[in-house]
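A short write-up of the structure that comes next.
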């Protein structure tokens with residue numbers, strides 16, 4: 001119920017302030033919804049598949065006084081994440097303190113990025129909430145901090161302030177290995193959009209993915225980055241998986257690109273990032289881990305979709321049916337990004353769905369456990 005109430009509140013704010021152009025109370029509403037989303041994540045109790053695994057590891061991690069003696073070398077956990085855990089445990093040994101720190105960092109950075117790049121902030125926040133809020137706050141905890149840091153650093157990348165950009169990229173990398181892609185962005189960010197180039201990469205990936213996977217699997221080096229890569233080696237996409245990559249990572253962003261640039265002629269500094277998104281999406285057929293890199297660029301998708309929604313809403317030539325366009329685009333977005341929530345997980349726990357990781361919501365104030373969620377985690381991770 002709490003998820004639905006927040007959804008209704010965000011829709012209300014979007015219509016009042018973005019579509020309705022109201023001004024009174026906008027600042028209060030902005031910071032109010034930021035506080036609500038921070039609290040929702042901060043005070044959850046055993047909500048999120050990865051969250052439960054982090055809770056298990058949390059017990060054996062150091063506090064601030066023990067941090068200097070903790071061996072990070074061969075661990076999958078990066079140093080700044082271990083430091084953040086150490087700070088949280090030094091305040092209280094309870095896991096919720098880490099959730100509070102994490103929620104403040106991630107959501108503040110994402111809200112700041114949204115506010116800096118669109119005047120329709122509540123529409124963008126609504127899209128973030130529907131598409132990736134739960135994923136960033138309940139699942140990929142380390143990576144979402146790295147993503148937030150990248151979003152903050154984008155202005156330095158665009159203005160070619162390399163020292164600041166690479167410094168922040170290194171900080172992001174010290175939270176999660178996937179941030180290694182940030183060091184590559186400056187060299188590929190000027191690639192011009194070409195759907196056919198992306199399609200060629202997509203096809204080559206299908207043809208040669210097995211060779212690439214065998215190469216990665218043959219690497220004898222040890223360490224968190226290599227270990228993380230090898231976890232994806234065994235993934236072999238089915239025909240439906242390949243179709244999903246084609247639709248979600250090539251066709252979907254290509255439609256966004258064409259609608260924004262050619263049809264609505266939206267003025268944006270992010271078209272080059274959209275091109276990179278499509279190229280990396282195509283490369284996911286080579287090695288499925290590449291799809292994780294797209295998480296860094298997904299908030300930019302939300303900015304484009306926000307501008308598309310309002311671009312259609314403000315077209316005078318379709319005034320009589322403009323809201324129909326807005327609703328249709330919004331529903332398509334919701335179906336694309338919410339479809340995974342309803343994925344069948346019955347092979348792990350009977351009659352369960354992927355949303356069982358997040359629903360029902362319990363807080364630290366009642367500390368209830370959901371048996372379906374607990375059983376899903378045990379089954380997927382072979383825990384007794």
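Computed from the Cβ-Cβ distance with R0 of 56 Å, the FRET efficiency linking residue 66 to residue 325 stands at 0.45. With R₀ set to 25 Å, the beta-carbon distance separating residue 119 from residue 336 gives a calculated FRET efficiency near 0.50.
Could you give me the percent of Cα pairs per 10 Å distance bin for region 259-384, shortest bin first, beginning at zero and ending with the bin that holds the maximum distance? Calculated over all Cα pairs of region 259-384, the distribution is 10, 25, 28, 22, 12, 2, 0 percent.
Taking label positions 7 Å along the Cα-Cβ direction at both residue 155 and residue 191, the computed distance is 2.8 nm, reported to one decimal.
Based on DSSP H segments of at least four residues, each scored -39500 (n - 2.57), the chain has a per-residue ellipticity at 222 nm of -18000 deg cm²/dmol.
As a proxy for reagent exposure, 81, 196 were ordered by neighbouring Cβ count within 10 angstrom, fewest first; the result is 196, 81. Using the Kirkwood radius built from alpha carbon pairs, what does the Stokes-Einstein equation give as D for the chain at 4 °C and 1.567 mPa s, in µm² per second? Translational diffusion coefficient: 58 µm²/s.
If R0 is taken as 25 Å, the Cβ-Cβ distance between residue 315 and residue 251 corresponds to a FRET efficiency of 0.60.
Placing a label point 7 Å from the Cα of residue 15 along the Cα-to-Cβ direction, no residue of region 112-128 has a backbone N closer than 11 Å.
The distance between label points at residue 344 and residue 365 comes to 3.9 nm (points 7 Å beyond Cα on the Cα→Cβ vector). Equivalent ellipsoid of region 73-118: semi-axes from √(5λ) of the C-alpha gyration tensor, largest first, are 25, 15, 6 Å. Peptide packing: for 19-27, 61-69, 40-48, 163-171, the average count of neighbouring Cβ atoms within 10 Å per residue gives the ranking 40-48, 163-171, 61-69, 19-27, highest mean first. Here the alpha carbons of region 69-168 define both size measures, Rg and Dmax, at 15.4, 48 Å.
Each reported figure results from applying straightforward, stated rules to the coordinates on display, with no laboratory input. Keep in mind the model is a prediction, meaning the values are calculated, not measured. No Cβ is skipped: glycine too gets one built from the backbone with ideal geometry, and neighbour counts run over all protein chains shown.
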